[in-house]
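Here the structure is laid out as structure tokens; the discussion comes afterwards.
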Amino acid sequence: MGFLVPIVEGDGEIEAVPVLLRRLLEVRQRWDLQIARPKNAHGCGNLTKVGGLEKFAELAFRERECAGVLILMDADEEQDCPMQMAQRFVQRIQNYGARFPVAIVFARREYEAWFLASLETIAGQDIGGRPGLPANLVFDGDVENVRSVKGWLSRNLPGNRIYKETEDQAPMTERIDFLRAADRSRSFRRFCKALDDLIDAIDSSQIRVTP
């Protein structure tokens with residue numbers, strides 16, 4: 001039994017990313033892998049600064065029965081290129097010295113864009129016991145070109161309710177349809193591929209760092 005150790009950007013992902021990973025592992029019938037409680041970077045800036053990424057990687061490597069590490073951040077600025085950002089992280093971890101396989105993914109632009117990519121399975125459902133997005137809500141456009149998906153979700157929630165990561169992110173994650181999300185979001189496809197690469201590295205006992 002080994003543990004995948006996520007490193008995430010904020011408080012909402014602390015609960016949501018384990019939900020997503022457990023669902024994806026269940027589809028893959030990987031009952032031998034467990035999800036450790038994520039390391040919260042409290043913002044991508046705490047990883048991009050000198051020594052920040054290396055500090056969090058070390059914390060993950062020291063986790064009990066660590067089998068691999070998965071880093072998930074947002075690439076939310078207009079000029080951000082998820083692949084280039086991931087490649088820079090790869091180089092830094094390789095220079096530091098990885099002791100376990102590491103996979104790195106940047107969601108374009110926000111994790112919540114993956115909700116827009118599966119809006120049909122999220123809208124019309126209660127979210128964490130509270131009213132959710134209205135039924136038959138439609139998003140027309142490229143989910144990865146929306147600036148502030150959190151704001152879009154807040155504008156479409158009923159009444160005075162606003163989207164809150166710590167309350168809504170994990171329940172919405174439970175309702176993502178993987179095929180829809182993969183079809184509409186390149187970064188979600190990359191996340192799924194990164195997980196597969198990480199599992200393959202674990203199975204083959206190879207220490208690889210992949211963007």
Query - Tilt relative to the chain, helix 52-61 - C-alpha long axis, 0 to 90 degrees, to 10 - result: 80
Query - Hits among lysines - C-alpha to C-alpha of residue 49 under 17 Å, sequence gap 8 or more where chains match - result: 39
Query raised in the report: Per-residue HN-Hα couplings for the stretch 98-114, Karplus 6.51 cos²θ - 1.76 cosθ + 1.60 at θ = phi - 60°, whole Hz, x for Gly and Pro?
Result: 6, 9, 9, x, 9, 10, 10, 9, 10, 6, 9, 8, 9, 3, 5, 4, 5
Report summary line: Residues of the stretch 166-196 with backbone N under 12 Å of the label point set 7 Å from the Cα of residue 130 along Cα→Cβ are 166-172
Report task. Looking at the chain, send over the antiparallel percent of its DSSP beta bridges, to the nearest 5. Result -> 5
Report summary line: Per its Cα gyration tensor (rounded if a/c is under 1.5, else prolate when a/b beats b/c, else oblate), the stretch 113-179 is best filed as rounded
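Give me the dipole magnitude in Debye, nearest 20, for the chain about the Cα centre, with unit charges on the beta carbon: positive for Lys and Arg, negative for Asp and Glu.
The dipole magnitude comes to about 320 debye.
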**Report entry** Cross-link partners of residue 164 among aspartates and glutamates (Cα-Cα below 19 Å; sequence separation of 8 or more within a chain)
**Finding:** 9, 11, 13, 15, 74, 76, 110, 112, 126, 174
Report summary line: Rounded to the nearest 10 degrees, the helix 11-27 long axis (Cα) sits at an angle to the longest Cα principal axis of the chain of 80
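Read-outs throughout are calculated quantities, based only on the coordinates presented, and are distinct from any laboratory measurement. Everything numeric in this text was worked out from a predicted model, so none of it was measured. For neighbour counting, all protein chains shown are included, and Cβ atoms are generated from backbone atoms with ideal geometry for every residue, glycine included.
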